[in-house]
1. Return the total of residues in segment A:620-651 being open to solvent by less than 10 Å² (accessible area, probe 1.4 Å) and within 27 Å of the chain's Cα centre (by Cα).
2. Might you let me know whether segment B:145-160 holds any residue that is among the aliphatic types (A, V, I, L, M), over 26 Å from A:V158 (Cβ atoms) and assigned to a strand (DSSP E or B)?
3. Would you please name the residue that is farthest from A:G159 (Cα to Cα), looking only at residues in segment A:427-482 that are polar (S, T, N, Q) and touching a Pro at 6+ places or on another chain (Cβ under 7 Å)?
4. For A:Q103, work out the one condition from (1) over 21 Å from A:N552 (Cα atoms); (2) more than 14 Å from chain B (Cβ to nearest Cβ) it doesn't fulfil.
5. Which of the residues belonging to segment A:90-102 are part of a helix (DSSP H, G or I), open to solvent by 10 Å² or more (accessible area, probe 1.4 Å) and modelled with pLDDT under 95?
6. Show the residue pairs meeting these rules: Cβ distance below 7 Å; 6+ apart or different chains; first residue within segment A:387-399 and surrounded by fewer than 13 Cβ atoms within 10 Å (Cβ to Cβ); second residue of a type outside the set (F, W, Y).
7. State yes or no: is B:T70 part of a strand (DSSP E or B), closer than 18 Å to B:G84 by Cα and either away from chain A (no Cβ under 14 Å) or in contact with a Cys (Cβ under 8 Å, 6 or more places away or on another chain) (or both)?
8. Does segment B:105-114 contain at least one residue that is in contact with a Leu (Cβ under 9 Å, 6 or more places away or on another chain) and either open to solvent by less than 60 Å² (accessible area, probe 1.4 Å) or within 19 Å of B:G84 (Cβ to Cβ) (or both)?
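The values are calculated or read from the model by the stated rules, or taken from the named source; none is laboratory data. None of these values were measured; they are calculated from a predicted model. For neighbour counting, all protein chains shown are included, and Cβ atoms are generated from backbone atoms with ideal geometry for every residue, glycine included. Only protein heavy atoms, including side chains, enter the accessible area calculation; ligands, DNA and RNA are left aside. Shrake-Rupley method; radii C 1.70, N 1.55, O 1.52, S 1.80 Å.
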Amino acid sequence: MSSMGSDTALHLQLGLTDDELGMIVRVLGREPTHLELAMYSVMWSEHCSYKSSRIHLRRLPSEGKNVLVGPGENAGVVDVGDGTAIALRIESHNHPSAVEPYQGAATGVGGILRDVFTMGARPIALMDPLFFGDLEDPRSRFLFDGVVRGIAGYGNSVGVPTVGGQLTFSSTYRGNPLVNVFCLGVLPVDRLVLGRASGVGNLAVLLGSLTGRDGIGGVSVLASAGFSGAEGGEDSKRPSVQVGDPFEEKRLIEASLDLLDQGLVVGIQDLGGAGLSCATSETAARAGLGMTVDASAVPQREMAMSPVEIMTSESQERMLAIVRPDSLDAVLATCAKYEVRATVVGEVTAPDASGTGRLVVRDGTGAVVADVPASSLSEDAPLYRRPLEAPHDLAERSAPGPSAVLAGDPSRRAEWAWDLSAQLTEMSYDPEFVSGQYDHQLFLNTVIGPGEADATVLRLAGPGVPWTGKGLALTTDANPGWCAVDPRLGAALTVGEAVLNVACTGARPVAAVDCLNFGNPEHPVVMWQLSEAIDGMAEACAEFEVPIVGGNVSLYNESDGADIDPTPVVGVVGLIDRLDERPPRHAGMRDGDALVLLGRRSALLGGSRWCRDVLGEPGGALAEIDYEAHLDACEIARSLAGVAGRGLGVSALHDVADGGLGLCLAELAAASGIGVSVTDGAIASPAELFSEAPSRVVVAVAASGVDRLLGMAAGSGVPAAPIGHASGDRIVVPGLVDLPVGRFSHARRARLADAAAHTHD
Amino acid sequence: MTRIAVVVFPGSNCEHDVVEALGRVNIDATLVWHTETSLAGADGVVVPGGFAHGDYLRPGAIARFSPVMTAVEEAARDGRPVIGICNGFQVLTEAGLLPGALQRNAGLRFLCRTVPCRVVSTRSVLTRTCEPGAMLELPINHNEGNYTCDDSTLDRLREQDQIVLTYDDNPNGSVADIAGICNEAGNVVGLMPHPERASSSLLGSLDGVGLLASLAS
């Protein structure tokens, strides 16, 4: 804001356009007060209102027979049987993390936890999809280290395990890293609660931290604008980043769940972006009622805060509970037990004569400083149909470069001069350096930990929700390489990968959430990418019958005018009906096992990491996804990860994704410590080694089970062929790769630790 | 049936896990909030892991002043088992029930992984049913697990067979590879590894079961 002179109109300083000011005047029938203008500016920000994306998001499928709560609430909720439900949500904290990585990431964790326990769910798992610039860039290394420390510092202390995630390093994120966070909670179905301020005369009770001047305008100034050096860059935005207190949040979780168990609150809502303005207006609007708020009653951290500051502060670790007056004493007593501050700050009011619930804010003297229709802040937000335009270089992007053509042509074998063993090693890093800094075992649920298989597997249980034998498989996936070539197909393939990942642990998918990270929506190409990605995701989710129960859109991910590559992230949760034994882990591969490839051979390099990161040239068009073939592959993978697989002697499954067959086999070797020997000709070219064509899984199986496995695949119509076996201590693909497992493992283990140790040079 | 009190401070987080794991070895465990002044006749106490009082100031530094600690000290004096796991170990050193202190890990990073540990002393109430020298695969999960004490304390720990568990491949810089110690009487034990996290084959290790089962009187 410092770049704008004091003569700039207030609404412009707050990030509202002239047209938006006109809309506010029409809603109110008069000029807005300062506070009203501030409230509209945060509530109508891109971050809160989804004004650029809402029109497209409607195309995502959100219906399903077990969906109890879909998009629009704090978290999606799905019935998983036995009287138990899961709540899930994904969020981004991209811009705060670019400015202050530790606190940006930490408060992202805090925010999503509140979204989940607001629904009455006990948060039992966090996952973090993270995207940074390439590791050669010192600032990217600094951000990587700071974000990981922030997630660890907050998540470990707040007592919710971080059980997985995803790590991507690519130059597209140099100026604008992405920090997404996914959270899953469990609840008894009858504890489900919605953020509604029902019951005229009920009290609005603010729980948790003091309200300070931190994070004012976080959603409008920070999250809904890009970064550019001209405005003073990241430093000038630092005051908009909040500071987290995981201990306060831990007490808030315990107090809130205790209040819900005792039936003492009729509605509860977290305070996130836009603070009290958002929580009071949304709870009132959902109930069709109004609310009166006394800003001076809000406990303040700093002296002489104005109603504007109080109502728009984004101070962390706060909740708004709606309480019947006769429950107030019991609420205060429960909060006192957990040392959680609780203060009555408002009251639910009846609609006015015209049937409109009004949000009225008074200052310390009793004077009205804001009086607006509660629903206008959330429901009347502008809706933009921004122009779309396909990029001019679309055709070039899907035309393979000269090296990609060469890599797929075995007749030009003599020209293959790449050191593929070295390149394979450079493409890999062991996420254990990251997951080992997170408590990933709390609640005794973690049956398959982060990175041990294609998805994390948890018991379906938590404090207050006893285990009944079921399991959950969790994955978050994204592939900006695919989406840069073709956002529609790339997003569909991303959903396909996530669904196959949970299948490889024996689970069938039950719900998904999406986090759509894109550039500046005022750029027509970005809006085209967003629209295409939504269509691809919608199509895939419909084909796989996986409802999208919630999501988040993060726009303005740009730096100095350059937009990031489109990065739709999908989180998928799968259900395992009986978790009697541990599903196969990558480390389970045994010496002498046969390796069978399910799915077709492919030499298509479109969108592949090898072309993008190593060759630095396009790999051509993406491989199409055949939904029927993909569902068949998922079905057989699910069987092989369960009882049927145990009967055949299946020891490991790993899908072929990022890095192709080459990385898939090398990762199996690194996890198990056993070499891989590919049959001569089974992988005949660098293109076959690195193709990321979908619907493919490598299965390690006892030699005695190979014939039955092939028979089973034939019966399911899934192509399957033995491609080699596990043995020795080298990764050998004849004519292409010959690499000691130990050297590969050591290099991939050291890469991230080395990067994090060198954040200033 | 043995009854164990599991103390809960604001910020504790492993209490439910300890109750579940003790239940698997037929020990009846009850949560006791930190403002209680009595352990209601429990046969022993576990101070579980987590971040008592947010670990503010220093891990355990505020928890030692919680009202329940008077009852915990009484149980220790009476010779009842008092086990501090992870943050609980930190609380017991701050309370003076065990010597030494736990400082930040040598690598200055939080560590969550499974590590091999060796049973050094079988004199403690926690290891009395173990074979001396037995190797256990136990998860660690801490930021301040680097045990330290002065030379004379270390000599005394050695002479009096108070070193209960050591790391085989020291992950955090602890002096003498110490992962767990006991008091002179052997009834108060502190350890950084989490035996409750190694109590189910579904989770990959049963090596903590023997430790927990030894609390059954």
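1. Matching residues across segment A:620-651 total 5.
2. No; the residues of segment B:145-160 include none that is among the aliphatic types (A, V, I, L, M), over 26 Å from A:V158 (Cβ atoms) and assigned to a strand (DSSP E or B).
3. A:T476
4. It is condition (1) that A:Q103 fails.
5. Answer for segment A:90-102, where residues must be part of a helix (DSSP H, G or I), open to solvent by 10 Å² or more (accessible area, probe 1.4 Å) and modelled with pLDDT under 95: just A:P96.
6. Final answer for the pair search is A:P387/A:P524; A:P387/A:M527; A:E389/A:P524; A:E389/A:V525.
7. Judged against the criteria, B:T70 is not a match.
8. Looking through segment B:105-114, at least one residue is in contact with a Leu (Cβ under 9 Å, 6 or more places away or on another chain) and either open to solvent by less than 60 Å² (accessible area, probe 1.4 Å) or within 19 Å of B:G84 (Cβ to Cβ) (or both).
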